[in-house]
Amino acid sequence: MTTYATGAPNFSGDPANFTPVVKYVQTSVTYPATGNGLFVVRSNATTAMTDTIAAVDPSVDATGWNFYIHNADASASITLTPTTGTINGASTLTITAGTTVRIVWDSLNKVYWV
């Protein structure tokens, strides 16, 4: 994991310039429960990616844990699977190449929303 910047989020312009930004270039990633507020940039040299969201940290459960994922890959999709609950009512979410999504934890219903 490479952290590119820290501090107050900057959500304007090119997604690669958002802060705080974490970039992963690999087949599989488990997003940590401590990743609240991150902007993640993903790619894997046109090979499909399978990522997992760790269970939400109870210390941020009530505050609306959330993060962004930007699929910067030229052609590969990300299959995102939560370890707890569902995501938009399904067991997985597919994030196509060039797409950015915001993942939000609904602590009342114990589900993720995009």
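Based on this model, can you work out whether THR6 counts as in a loop (DSSP other than H, G, I, E, B), exposed (fewer than 15 other Cβ atoms within 10 Å of the Cβ) and at pLDDT 80 or above? Reasoning before the result, please.
Numbers: in a loop (DSSP other than H, G, I, E, B): yes; exposed (fewer than 15 other Cβ atoms within 10 Å of the Cβ): yes; at pLDDT 80 or above: no.
When the stated conditions are applied, THR6 does not pass them.
State all residues of region 68-96 that are under 14 Å from the mean Cα position of the chain (by Cα), within 12 Å of MET49 (Cα to Cα) and assigned to a loop (DSSP other than H, G, I, E, B); if no residue qualifies, say none.
Of everything in region 68-96, those that are under 14 Å from the mean Cα position of the chain (by Cα), within 12 Å of MET49 (Cα to Cα) and assigned to a loop (DSSP other than H, G, I, E, B) turn out to be ALA72, SER77, THR96.
What is the one condition in (1) touching a Pro at 6+ places or on another chain (Cβ under 9 Å); (2) touching a residue at least 24 places away in the same chain (Cβ under 8 Å) that LEU93 does not satisfy?
Exception for LEU93: condition (2).
Any residue in region 49-66 that is in a loop (DSSP other than H, G, I, E, B), under 16 Å from GLY98 (Cβ atoms) and modelled with pLDDT under 85?
To start, the set of residues in region 49-66 that are in a loop (DSSP other than H, G, I, E, B) comprises 54-60, 64-65.
Next, from what is left, pick out any that are under 16 Å from GLY98 (Cβ atoms): none.
No: region 49-66 contains no residue that is in a loop (DSSP other than H, G, I, E, B), under 16 Å from GLY98 (Cβ atoms) and modelled with pLDDT under 85.
When the residues of region 33-48 are filtered to those that are part of a strand (DSSP E or B) and of a type in the set (A, V, I, L, M, F, W, C), which remaining residue is modelled with the lowest pLDDT? It would help to see each step written out before you state the result.
Pass one, region 33-48, residues part of a strand (DSSP E or B): 39-43.
If we keep only those that are of a type in the set (A, V, I, L, M, F, W, C) as well, we get 39-41.
Working: PHE39: 88, VAL40: 91, VAL41: 92.
Going through the qualifying residues, I end up with PHE39.
Any idea how many residues of region 78-114 are basic (Lys, Arg) and within 25 Å of GLN26 (Cβ to Cβ)? Write out each step before concluding.
Going through region 78-114, the residues basic (Lys, Arg) turn out to be 102, 110.
Filter once more, so that each one left must be within 25 Å of GLN26 (Cβ to Cβ): 102.
Counting residues in region 78-114 that are basic (Lys, Arg) and within 25 Å of GLN26 (Cβ to Cβ) gives 1.
The values are calculated or read from the model by the stated rules, or taken from the named source; none is laboratory data. Since the structure is predicted, the reported quantities are computational estimates derived from the model, not experimental observations. Glycine gets a Cβ as well: all are built from the backbone with ideal geometry, and neighbour counts include every protein chain shown.
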